[in-house]
1. Taking only Cα atoms of the stretch 406-524, what ratio of Rg to Rh do you get with Rh as the Kirkwood inverse-distance radius?
2. Between the stretch 237-252 and the stretch 293-359, what is the separation of their alpha carbon centroids in Å?
3. Work out how much length Glu295 to Arg551 would gain on full extension: take 0.36 nm times their residue separation and subtract the Cα-Cα distance, in nm to one decimal.
4. Once the other residues with Cβ under 10 Å from the Cβ of His356 are scored (Lys, Arg +1; Asp, Glu -1), what is the net sum?
5. What's the FRET efficiency of Glu162 with Asn237 using the Cβ-Cβ distance as r and R₀ = 25 Å, to the nearest 0.05?
6. Return the distance in nm (one decimal) between the two label points of a simple spin-label model at Asn599 and Leu626, each offset 7 Å from Cα along Cα→Cβ.
7. Pairs of Cα atoms under 8 Å, at least six residues apart: use those to get the relative contact order of the stretch 455-574, whole percent.
8. Just to make sure I understand: if all protein chains stay in place, what is the order of Lys245, Lys291 by accessible area at 1.4 Å, largest first?
Amino acid sequence: MRFISRFIKFCPKTGRPVKALKKWIVPVFSILSLIWILIRVVPKPQRAAYPCMKVAIPFASSFLIYLTGVLGSVVVFKKAFRKLAESKYVLAGFLLLAGLGVGLITMLSSQKEVLANDNATYDYEDPLGPNAPIGEAKGILPGRVVWVHNPDATNENCQSEEYGDGYFLDKNCDQELVDEMLQTAILEVTGDETEEGAWASIFDYFNSMHGKGEVGYTDGEKIFIKVNAVHAWSTNNDLSIKNDKNYGNVDTSPQVILAVLRQLIHKAGVPEEAIYIGDPYTQIFKHVYEKLSAEFPGIQYMSKSDSELREKLQITNTDSIKYSDRGTVLDKTSDGFFDCHVNADYILTVPAIKGHRWGGVTFFAKNHFGSNTAGGASHLHKGLHRISYDAPIREGYGLYRVFVDLMSYEHLGGKTLIYIGDLLWGTSYEHDPPARFRSKPFNNDWSSSLLVSLDPVAVSSVALDILQEEFQVEDLTTTPPRYTYVRFSGVDDYLHQAASSEWWPEGIVYDPEEDGTPIGSLGVHEHWNNPVDKQYTRNLGTGEGIELVYRKTQQDHTSVGPQFSNDVTVRSFLSAGNSILYLEFNQDLPGQTDIGIYNVSGQLMQSSTLESVRANSPNQIELCKLDPGYYVVTVHSGSSKVHLSEAMLIN
């Protein structure tokens, strides 16, 4: 690194090159970049969107332009001298001027600095600290978020980026287990003993909160289900999925959608013809439609355009949202919405839980970027953290956040019956296939989870805690790459503002109907105590914030091999100089044992893996540079069901 830094200046915060390279090194890097692009992008074009490629492409393109310019000027000069020999002086003079022009442009362009244009900062710091709730908890059981996790619901061998092996295929997702996961979540979020009773409670709660009294679903009422299908923007002519760079990129899973429909129709008693479903910006993929309509042909399947077996979205209303910045941030002051939103009595938003390069995250609020009638959402990007890789980030707190308007608008968040987050196949970037989650409890498997709540702020806060724990360090060597957009500075600013008006920017009053009535608290925001225990204030009995109910519905598998007692112990000690941590166990632990080192704030500082631990034999963990202070060492061995923690002091 010291040798490389003689020629390239790196940003101390991001580690990216930020200064021009020595002249002689540019051609070398340019040729290597071109080779790298040909090797990586040609087999899989979707890799062109990776940040490593965004660094390589300027080198390669500049080199090609330079090479073209040099060769072009040589050809022009040769022709000029030939015409000069033929005494065609006017044409020769013109060609000489043209050659000089091409050469001059090439030389000037080659002097420009080559930059990695990503001006974002990823130094998220929580201004509240753990277990410091703000806002007013919502729900039948206020602030409750149910996290259901079943690793068996997804195929651990799935390679979603490979054509024919997409995450959405039934061979890669167990419909029966997904149904069971949602059933568990619906019961837990209400505290009811039956699914029918749970849905009756959900409708009663919604209607009572909207001034209708404690009444359930009434015949004739309509429900619109807003899913995330951004990658169905482009399809084959028969609406089947293309074999292109977007194949296998994460949208809402069809298995989750079907589970929701089964609950609404079979348990809540909603007739098929009262249900509308779609993503207004896009189509419904053929494989999704065929899966859903085979069981529920009477549902209204909505599409952005006329197509066989789909219904085109209509706009016959004049209702519109009035963005609360009143033109000071966004380029537009209002947006209209489709009839399926305006005429619906209830909305279910079922997003795929992902990181996002412009907004940090794409959860429930971001899902409604696909709801307006503008034909795109680029005009809303100024209300996010950034609008492009080259743009400066809108970091920190106290800035207008368009998410808050979408969460509170009467025809969007105001109509949302229940929040169901699809975290079966989480990923760090919105246009990527699923990423394996390395953190606990995922253990290098797919995220395989559902997040369900009646509190939009609380469920978004839990989703953020999970993704921030998972994507802490950028890693561009994996497939897909692991980005840290979820760690934008101020990524939870919108949750602060949705929870409490005390966090609103100066001069901003959130009133998306512009009827003179500012919004109240939309829910409660809080961060967990640490990523090991994952406890919120209602779990701890210390406040009225979030209550996280974690349920793992995976069935216990018959154990093969030696059995282990529950009295496993570990002894830890440090080497001189604190460079090595020794862990000594009192019994064998075959298989993989994961070690985590956390600071007192619950931040993961280092993780390591031990293979086949032997009893009474010190196991070495080489430590990274840690500041003096107390740390917690966690030990997780899935094969022996061991979960231990040990305090460690660095002097």
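1. My calculation of the ratio gives 1.03.
2. The stretch 237-252 and the stretch 293-359 have Cα centres separated by 21 Å.
3. 89.3 nm
4. Cβ neighbours under 10 Å give a net charge of +2.
5. 0.60
6. Label-label distance for Asn599 and Leu626, simple model: 1.2 nm.
7. Reported relative contact order: 22 percent.
8. Lys245, Lys291
The values are calculated or read from the model by the stated rules, or taken from the named source; none is laboratory data. Predicted model only: the values in this text are computed from it and were never measured. Cβ: placed from backbone, ideal geometry, glycine included. Neighbour counts: every protein chain shown. To get the accessible areas, we keep the full protein, side chains included, count just its heavy atoms, and leave off ligands, DNA and RNA. Shrake-Rupley method; radii C 1.70, N 1.55, O 1.52, S 1.80 Å.
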